[in-house]
1. Relative to a virtual label point 7 Å from the Cα of residue A:57 in the Cα→beta-carbon direction, which members of the range A:67-89 show backbone nitrogen distances below 11 Å?
2. Using the Cα gyration tensor of the range B:1-146, with a ≥ b ≥ c the square roots of its eigenvalues, what is the shape: rounded (a/c below 1.5), prolate (a/b larger than b/c) or oblate (neither)?
3. Could you work out the relative contact order of chain B? I mean the mean sequence separation of Cα pairs under 8 Å and 6+ apart, divided by the number of residues, in percent.
4. Looking at the square roots a ≥ b ≥ c of the eigenvalues of the Cα gyration tensor of the range B:72-196, which shape do they give, rounded for a/c under 1.5, prolate if a/b is larger than b/c, or oblate?
5. Tell me the label-point distance for the pair residue B:156, residue B:107, using the 7 Å Cα-to-Cβ offset, in nm and rounded to one decimal.
6. Run lengths n ≥ 4 of DSSP H only: what is the helix-derived mean residue ellipticity at 222 nm for chain B, with -39500 (n - 2.57) per run over all residues, to the nearest 500?
7. Mind listing the Cα extents of the protein assembly as shown along all three principal axes, in Å, largest one first?
8. Run the simple label-point estimate for residue A:71 and residue B:205 please: 7 Å along Cα→C-beta, distance reported in nm.
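Computed from the coordinates by the stated procedures, all read-outs in this text should not be read as laboratory data. These numbers come from a predicted model, not from an experiment. Every residue, glycine among them, receives a Cβ derived from its backbone with ideal geometry; neighbour counts consider all protein chains shown.
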């Protein structure tokens, strides 16, 4: 059975999903790509916006996108580096 | 312990290698700590503590070697430093094992640490050949277990960095086994130190590959 994702893994999956979409993503796409429930997505997005990793961008028709910020890209780089380190030592 | 086995012509090289071992283990410990702060994985915390203890053990060995070279004899400083090296090295390897064995319970960790150090204390008679032999064989067995865990990871992940770490620890395992038989053989001591150097070089290379 697959282990439950840690908080950092979920944040990574969300930011990675946005990065893969060119730095900008619709909420529904993020929900599916990050494999989260609606409530969980809302909770994490609040934290990501508060931390400055992501911002909300309003578009035409009352819709919105989530945009990856510089600090979000930095988080992804750091995550990749430390994950590789952890994997290298079999941890 | 070790200065007795080291030939005179190798003293300088041995000291240089000990400095390298100290720097490599310290570098891994610091990166492990940074990784722990970022990823919040408990295994990384013990990994960092383990390598920190190994770094301190090599620092103790450097102090012992410098003292021996300076005074051409085993003074109090040298003897205390050697025993500190043994204690810290064993503790470091045991703490590393906590992360690989996924031991979550503090009581179990404490008991394992106590038992391991008790084994060394029991065989800790100054003139006993078996003292060195037991220490190196015990640490080799523990490193061997880490090698086994890493081999399993390597089989699953197929990453160059994991392979380098596996090779590194495998060389350290061979190095410790060789040291166990190097009590009165200068050649084996030199060979084991070079093997350990290759091991730490491999581990350092894996760290450098992680960008």
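1. A:67-69
2. Oblate.
3. It comes to 20 percent, rounded to a whole number.
4. It is oblate, given that a/c is not under 1.5 and a/b is not larger than b/c.
5. Using points 7 Å along Cα→Cβ, the separation is 2.9 nm.
6. Mean residue ellipticity, 222 nm, calculated: -30000 deg cm²/dmol.
7. Cα extents, longest axis first: 85, 37, 34 Å.
8. Result: 4.0 nm between the two label points.
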